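The values are calculated or read from the model by the stated rules, or taken from the named source; none is laboratory data. Only a predicted model underlies this, so the values are computations on that prediction, with no experimental measurement involved. Positions of Cβ are generated from backbone atoms using ideal geometry, with glycine treated the same way; all protein chains shown enter the neighbour counts. Just so you know, the surface numbers come from the protein's heavy atoms only, side chains and all, with ligands and any DNA or RNA stripped out. Shrake-Rupley method; radii C 1.70, N 1.55, O 1.52, S 1.80 Å.
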Amino acid sequence: MHRIYHPRSFFALLLTGFIFTALPLIVALGSSIQILDRLTQQSAVAVFRSAGRIDTCREVAELLQREERSARLFAVLGEAEHLEDVIASHRNVEDRLRQFAILNVDNELAALIEQIQEKERSLVAALTDTSGAAHERESRQEKALAGYGEIGVLVGRMEQASNTLMVQEVDTLKEQVQSNKNTLIWQIAGLIGFSVLLVALFMSLISKPVSQLDRGIERLGEGDFATPIVVSGPRDLEAIGEKLDWLRRRLHTLDREKVRMLAHISHELKTPLSSIKEGAGLLKDGLVGPLSGQQTEVVDILDNNCNKLQKLIQNILDFNMAQAREMPDDFQEVRVDELVADVAADHRHAMLARNIRLQTELLPVQVQGNPEQLKTVIDNLLANAVKFIQDNGEIRILMRQKARMLRLIVEDNGPGIREEDRAQIFLPFFQGEQKNRSVVKGSGLGLAISKEYMQNNGGTLRLLPSEQGAHFELTLPCAREEMQ
């Protein structure tokens, strides 16, 4: 599958991950700044507008008071300069109210401004009207002067309406702040969630090649040279994976050469060993003349050690052939319970001599496999249990069938396997600490051969965790008849 993104290096992948992860947080910060800036501008406009209304109301009230004072002086003294002051104050009031009406579109406030304008114009017109007799002019002036009280009431209502409008704008601003706050919270929550997803994505991209390298190294350490090592990710890590896979192929070649060399050496050793064993047999049978008692003991020692050496060489050959997959398939239907019974019979005398109890729970289950290899596996496991268990111990062999798989468990109540040895127990020639201090020294190939044989037969062999003793589990696919 073609990849969309090809990071050149691990550092580039980290940098890209940091940028993409920080991007939503930067967007959230920018959105917060915009919202705060908009709220600040709205707050400033509302404050200036409210302050302007209050100042205009106060200024109009002062101008009307001055106009009223000049009008009363004109009514008492009749001097023209006081009338000019009334007219000048009237013009100022007109200008302020006109500007105030333009800047305010509130219906109640606009109606009050219009009423004040009409009332103030009529009063000024009455004061400046010089027509009619003297008593008529005095009557109009008295009525006009009385009208300033009504104008004062209207101005007070205008100030109250301005204050009410200011409170409404503050409440509206609070609602906008709360709304923007909720919007900002949802935006930040969404962007943080998106950032978390990006973090998880880039953590997967970063950890995947590292885990692939780790698994590849673990497989090499476990001796698995057949599985290719593939690393997908930054190009520098892919290059390391290619070098590691080259090392795997090289180790695989060396391992095969080692197997062939050991097989050749073991085969070559069998010929002189056979001659030695035949010579010891001739001496033992007295074909070259009678032997003394001491000579007979020496011949027995020679014959026994020849047998041990022959068994060791055969184990080496079996192990090498199992690794090289050179054993013939010869698969057939095998009754595992019968194999277990045959192996148990071979070890019956050794168990009776040490009072070791054997408990079995067997099932009449058939599997497809090589009977000799499967019997060797079971024999190795039972022989190890007998070898390392204490006298008067107990060994259990259990068979369980689940779905299409057969599980054969061999467990004992002996000293078990040390924790530090568990990872190496299936390695060839590995021998853990002899906790029972047995004088019987093995070759360290039994479990390694057993594991190879199980793989040849399509099964597995593993060491189960246990608090006491050694617990081994074999798994094999059942034969077709057993699967039905």
Looking only at region 28-44, which residues are open to solvent by 80 Å² or more (accessible area, probe 1.4 Å) and either of a type in the set (A, V, I, L, M) or in contact with a strand residue (DSSP E or B) (Cβ under 9 Å, 6 or more places away or on another chain) (or both)? Leu29, Ile33, Leu36
Select from region 117-167 the residues that are outside any helix (DSSP H, G or I) and either among the hydroxyl-bearing types (Ser, Thr, Tyr) or touching a strand residue (DSSP E or B) at 6+ places or on another chain (Cβ under 8 Å) (or both) and write down the one among them that is nearest to Arg72 (Cα to Cα). Thr130
Residues that are assigned to a helix (DSSP H, G or I), open to solvent by less than 30 Å² (accessible area, probe 1.4 Å) and under 20 Å from Thr56 (Cβ atoms), drawn from region 76-116: Ser89, Val93, Glu94, Leu97, Phe100, Leu109, Leu112, Ile113, Ile116
Taking region 7-27 and keeping only residues that are open to solvent by 80 Å² or more (accessible area, probe 1.4 Å) and not hydrophobic (A, V, I, L, M, F, W, C), one is left with Arg8
Checking Lys208 against (1) in contact with a Leu (Cβ under 7 Å, 6 or more places away or on another chain); (2) closer than 30 Å to Phe426 by Cβ; (3) open to solvent by 70 Å² or more (accessible area, probe 1.4 Å), which single condition isn't satisfied? (1)
Could you say which residue among Leu287, Leu273 is open to solvent by 50 Å² or more (accessible area, probe 1.4 Å), at pLDDT below 80 and either more than 51 Å from the chain's Cα centre (by Cα) or not polar (S, T, N, Q) (or both)? Leu287
Hey, can you tell me all the residues within region 355-375 that are closer than 26 Å to Gln314 by Cβ, open to solvent by 20 Å² or more (accessible area, probe 1.4 Å) and in contact with a helix residue (DSSP H, G or I) (Cβ under 6 Å, 6 or more places away or on another chain)? Lys375
Enumerate the pairs (first residue in region 141-162 and open to solvent by 60 Å² or more (accessible area, probe 1.4 Å); second residue anywhere and assigned to a helix (DSSP H, G or I)) with beta-carbon separation below 7 Å, excluding pairs fewer than 6 apart on the same chain, so at least 6 apart or on different chains. Lys143/Ala126; Glu150/Lys119; Arg157/Leu112; Glu159/Cys57
Taking region 211-250 and the residues there that are among the aliphatic types (A, V, I, L, M), outside any helix (DSSP H, G or I) and within 24 Å of Lys451 (Cβ to Cβ), the one that is least open to solvent (accessible area, probe 1.4 Å) would be Ile229
Close pairs from region 42-59: first over 16 Å from Met158 (Cβ atoms), partner of a type in the set (Ser, Thr, Tyr) and loosely packed, with under 14 Cβ neighbours inside 10 Å, Cβ under 6 Å, at least 6 apart: none
List pairs: first residue in region 211-231 and under 20 Å from Gln424 (Cβ atoms), second residue part of a helix (DSSP H, G or I) and aliphatic (A, V, I, L, M) anywhere in the structure, Cβ distance under 6 angstrom, at least six positions apart or on different chains. Gly216/Leu244; Phe225/Leu251
Go through Ala46, Ala22 for me and flag whichever is within 54 Å of the chain's Cα centre (by Cα) and within 30 Å of Gly193 (Cα to Cα). Ala22
Can you tell me which residue within region 290-325, out of those that are of a type in the set (A, V, I, L, M), open to solvent by less than 60 Å² (accessible area, probe 1.4 Å) and under 30 Å from Gln373 (Cβ atoms), is modelled with the highest pLDDT? Ile313
Based on what the data block shows, is Val196 part of a helix (DSSP H, G or I) and surrounded by 12 or more Cβ atoms within 10 Å (Cβ to Cβ)? yes
Looking across region 173-193 at residues that are in contact (Cβ under 8 Å) with a residue 12 or more places away in the chain and either hydroxyl-bearing (Ser, Thr, Tyr) or touching a Pro at 6+ places or on another chain (Cβ under 8 Å) (or both), the single one that is surrounded by the most Cβ atoms within 10 Å (Cβ to Cβ) is Leu191
Counting only residues that are more than 16 Å from Gln366 (Cα to Cα) and of a type in the set (S, T, N, Q), which one in region 390-422 is nearest to the chain's Cα centre (by Cα)? Asn413
Mind listing whichever residues of region 251-262 are hydrophobic (A, V, I, L, M, F, W, C) and either open to solvent by 30 Å² or more (accessible area, probe 1.4 Å) or modelled with pLDDT of 80 or more (or both)? Leu251, Leu254, Met261, Leu262
